[in-house]
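Colleague: Quick one: the structure is below, questions incoming.
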Amino acid sequence: QEQLVESGGGLVQPGGSLRLSCAASGSAFTIYHMDWYRQAPGKQRELVALITSGGNTKYVDSVKGRFTISRDNAKKTVYLQMNSLKPEETAVYYCYLWRIGHYYWGQGTQVTVSS
């Protein structure tokens, strides 16, 4: 069983930066893939970025060049560095840890981009 604890959300001005963290509690972290999703009010949850157990990454087109996902296996933590944030990226951001047959969500962290 994994538990995920997210942190790093908050209020930031347009064009600003935030770094989200998601710390896992279990011992099998290295074999999991890690995703970041976000859900804006009234919208469906969408995949923002993912990093595989082998370190390969993918991003939704709207964040390419601005967001960076990374993982520190020793700390059992995945990060999402978000730069040049836009107001429309205001949402609750969730981390998602998974491998076949095992799926875990974080509790979510609010990111608000506003002047």
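Colleague: Name, by its number, the condition in (1) of a type outside the set (S, T, N, Q); (2) under 15 Å from residue 16 (Cα atoms); (3) more than 11 Å from the chain's Cα centre (by Cα) that does not hold for residue 100.
Modeller: (2)
Colleague: Within the range 63-82, can one find any residue that is open to solvent by 30 Å² or more (accessible area, probe 1.4 Å), touching a His at 6+ places or on another chain (Cβ under 7 Å) and farther than 27 Å from residue 115 by Cβ?
Modeller: No; the residues of the range 63-82 include none that is open to solvent by 30 Å² or more (accessible area, probe 1.4 Å), touching a His at 6+ places or on another chain (Cβ under 7 Å) and farther than 27 Å from residue 115 by Cβ.
Colleague: Sticking with this structure for a sec: Just one of 5, 60 is within 14 Å of residue 89 (Cα to Cα) and hydrophobic (A, V, I, L, M, F, W, C); which is it?
Modeller: Matching residue, one of 5, 60: 60.
Colleague: Let me ask you something else. In the set 19, 38, which member is in contact with a Leu (Cβ under 9 Å, 6 or more places away or on another chain), surrounded by fewer than 17 Cβ atoms within 10 Å (Cβ to Cβ), modelled with pLDDT of 95 or more and of a type in the set (D, E, K, R)?
Modeller: Just a single option satisfies the conditions, and that option is 19.
Colleague: For the range 95-108, does any single residue satisfy the condition of being in a strand (DSSP E or B), more than 13 Å from residue 2 (Cα to Cα) and open to solvent by 10 Å² or more (accessible area, probe 1.4 Å)?
Modeller: Looking for residues that are in a strand (DSSP E or B), more than 13 Å from residue 2 (Cα to Cα) and open to solvent by 10 Å² or more (accessible area, probe 1.4 Å), one finds none in the range 95-108, hence no.
Colleague: List, please: which pairs have Cβ atoms under 8 Å, are six or more places apart or on different chains, and start with a residue in the range 83-107 that is of a type in the set (Lys, Arg) and end with one that is part of a strand (DSSP E or B) and surrounded by 16 or more Cβ atoms within 10 Å (Cβ to Cβ)?
Modeller: From residues that are of a type in the set (Lys, Arg), the pairs are 86/113; 99/33.
Colleague: Of the conditions (1) of a type in the set (D, E, K, R); (2) surrounded by 12 or more Cβ atoms within 10 Å (Cβ to Cβ); (3) not in a strand (DSSP E or B), residue 88 clears all except one; give me its number.
Modeller: Condition (2) is where residue 88 drops out.
Colleague: Consider residue 27 against the criteria (1) open to solvent by 60 Å² or more (accessible area, probe 1.4 Å); (2) at pLDDT 95 or above: it satisfies all of them except one. Which criterion is unmet?
Modeller: Here residue 27 clears every test but (2).
Colleague: Here's a follow-up. Check whether at least one residue in the range 17-37 is of a type outside the set (Lys, Arg) and farther than 26 Å from residue 1 by Cα, and report yes or no.
Modeller: Yes, there is a match, as at least one residue in the range 17-37 is of a type outside the set (Lys, Arg) and farther than 26 Å from residue 1 by Cα.
Colleague: Somewhere in the range 69-92, is a residue within 14 Å of residue 108 (Cα to Cα), in contact with a Gly (Cβ under 7 Å, 6 or more places away or on another chain) and at pLDDT 95 or above?
Modeller: To start, the set of residues in the range 69-92 that are within 14 Å of residue 108 (Cα to Cα) comprises 78-80, 90-92.
From what's left, in contact with a Gly (Cβ under 7 Å, 6 or more places away or on another chain): 92.
With the extra rule that they be at pLDDT 95 or above, the set shrinks to 92.
Within the range 69-92, one or more residues are within 14 Å of residue 108 (Cα to Cα), in contact with a Gly (Cβ under 7 Å, 6 or more places away or on another chain) and at pLDDT 95 or above.
The values are calculated or read from the model by the stated rules, or taken from the named source; none is laboratory data. The model shown is predicted, which means the values in this text are computed figures rather than measured ones. All Cβ positions, even for glycine, are placed from backbone atoms using ideal geometry, and neighbour counts span all protein chains on display. When the accessible area is computed, the model is the full protein with side chains, heavy atoms only, and any ligands, DNA or RNA have been set aside. Shrake-Rupley method; radii C 1.70, N 1.55, O 1.52, S 1.80 Å.
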